[in-house]
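Student: What follows is a structure written as structure tokens; I'll ask about it next.
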Amino acid sequence: MKRKIFFILALILLIFGVSFYVGQNILFHDVEGTLDKPKDNIVNTDLKTDDNSSNNQNVNDTNIEDNDNTTNDEIDANSESTDNTQDNKKDTTTSKDTTSNKDTSNENTTTSKNNTTTNDSSKNNANSSGNSNTNTNSNDNKSKEDPTSKAEEKKEKEIVKTEKDVAESELKYEKYGSKFYLVNYYNVYTYDDGTTEKKFLYSTTKIDTSGYNGTAASMLQEAKEIVEKNRKDYEKLLEIVNGYRKELDREPLVLDENLTLLATIRAMELAYYNNVSHVRPNGKSYASILTEFSISPSWSGENIAAGQQNVEEAALSWRESDGHYKNMVNVNFTKVGLGMYKLEGTGYGIYWAQLFTS
């Protein structure tokens, strides 16, 4: 009896064992089939996760490279797989490379956590950067405040004295005893701290004739050079003057070389003595220059002018003056000498002279 009972129990256990074994195989097969489908979902999830990692590229380049490699491995594994079992094995292998021996579902979770961690790190870095910028800005503000406060403490200089048109002279050259200076004019400001400042206004040239010592003899050589230089102007002026005479049926004047040389000296005297006058710098009359060179005419006359820029202007100015015009058309005069001299730094800059004799 006991053997029968034991046999029945053993049979029951055998049947239960067989049923359990068969049920386990069926269940495991269903689980494998279930795991087979989410494989695509896993790859897609990883790809999306990698996209998120790409968005975080500026935060952590190293994490991005790891995620990209994981995705490529998984995609390659899927394209090369031939059955669901091999896919699971390769997924498991990929998961091991990426997350250190964790299952596929854990890999997704871990990647998501890593991304979350990366994002948190990005936020922390951003916050740190924000804090750093805030500190920098505050330091910049402090550094900016210092010069401002110093500038406020500093008083602006006040002008306590102003001197206008202050002249400063510099000797440029000296000729025939006359000295020529370059004169600069300034306004000079004196401040309450004792310093001074000069503001340039303008400059000019001035002549000091107090030491003038020119004579006809000392000017003779230069006068000869000037005559040759002005030859065309002299001929043109002669033509204009003889035109005036022709209008009155008067005989034309002859241009005399000696008189032209003396007329040029007279123009030089006007320039270097800086005085337009028929009285020469030595205090004698214009006619004294004739006697110095042994010229003793019965009749003589002189026209002078200053500031006219060319022959036409000089001739016109003389024609419009009654006394000068009479000299040019006087029937007693048969010879004429013409002179013109330019000198910068004087009152007029250019001087003219005519000497008439019978």
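The values are calculated or read from the model by the stated rules, or taken from the named source; none is laboratory data. Small disclaimer: the values here were computed from a predicted structure and weren't measured. Neighbour counts run over all protein chains shown; Cβ positions are idealised from the backbone, glycine included. Areas reflect the complete protein model, heavy atoms only, side chains present, ligands, DNA and RNA absent. Shrake-Rupley method; radii C 1.70, N 1.55, O 1.52, S 1.80 Å.
Student: Strictly over 23 Å apart at the Cα level, which of Lys175/Lys335; Lys172/Lys342; Lys157/Lys198; Lys206/Lys342 would you flag in this model?
Tutor: Values: Lys175/Lys335 32 Å; Lys172/Lys342 17 Å; Lys157/Lys198 15 Å; Lys206/Lys342 15 Å.
From Lys175/Lys335; Lys172/Lys342; Lys157/Lys198; Lys206/Lys342, over 23 Å: Lys175/Lys335.
Student: Enumerate the calculated ³J(HN,Hα) couplings along the stretch 336-345 in order (Karplus 6.51 cos²θ - 1.76 cosθ + 1.60, θ = phi - 60°), each rounded to whole Hz, writing x wherever the residue is Gly or Pro.
Tutor: Residue by residue, the stretch 336-345 yields 9, x, 10, x, 8, 9, 9, 8, 6, x Hz.
Student: Which whole-number percentage describes the relative contact order of the stretch 227-358, with Cα contacts under 8 Å and a sequence gap of 6 or more?
Tutor: Working: 221 pairs, mean separation 49.4, N = 132.
For the stretch 227-358, the relative contact order is 37 percent.
Student: As a test of reading the structure, rank Thr291, Thr215 by solvent-accessible area (1.4 Å probe, protein chains only), most first.
Tutor: Highest to lowest solvent-accessible surface, that is Thr291, Thr215.
Student: Under 5 Å between amide hydrogens, which residues at least 5 positions from Lys175 or on another chain qualify, with H placed 1.01 Å from N in the peptide plane?
Tutor: Placed amide hydrogens put Phe180 under 5 Å from Lys175.
Student: With θ set to phi - 60° and the Karplus curve 6.51 cos²θ - 1.76 cosθ + 1.60, what are the ³J(HN,Hα) couplings of the stretch 290-307 in order, to the nearest whole Hz, using x for Gly and Pro?
Tutor: Karplus values, whole Hz, x for Gly and Pro: 5, 5, 4, 10, 6, 10, 10, x, 6, 10, 8, x, 9, 10, 10, 7, 8, x.
Student: In nm, to one decimal, how far is the modelled label at Leu13 from the one at Glu292, with both set 7 Å along Cα→Cβ?
Tutor: That separation, rounded to one decimal, is 16.2 nm.
Student: Which residues' amide hydrogens lie under 5 Å from the amide hydrogen of Ile350, considering only partners 5 or more residues apart or on another chain, with H built in the peptide plane?
Tutor: Residues meeting the criterion, in which the H sits 1.01 Å from N, are Gly307, Leu343.
Student: Each residue of the stretch 313-328 in order: what ³J(HN,Hα) in whole Hz does its phi give by Karplus 6.51 cos²θ - 1.76 cosθ + 1.60, θ = phi - 60°, with x for Gly and Pro?
Tutor: So the Karplus estimates, Gly and Pro as x, are 5, 5, 4, 5, 4, 6, 5, 7, 9, 4, x, 5, 5, 4, 4, 5 Hz.
Student: Carbon and sulfur together cover what percent of the accessible area of the stretch 186-324 at a 1.4 Å probe radius? Intermediate results must be reported in sequence, preceding the final value.
Tutor: Numbers: 3600 of 7590 Å².
Roughly 47 percent of what the probe reaches on the stretch 186-324 is carbon or sulfur.
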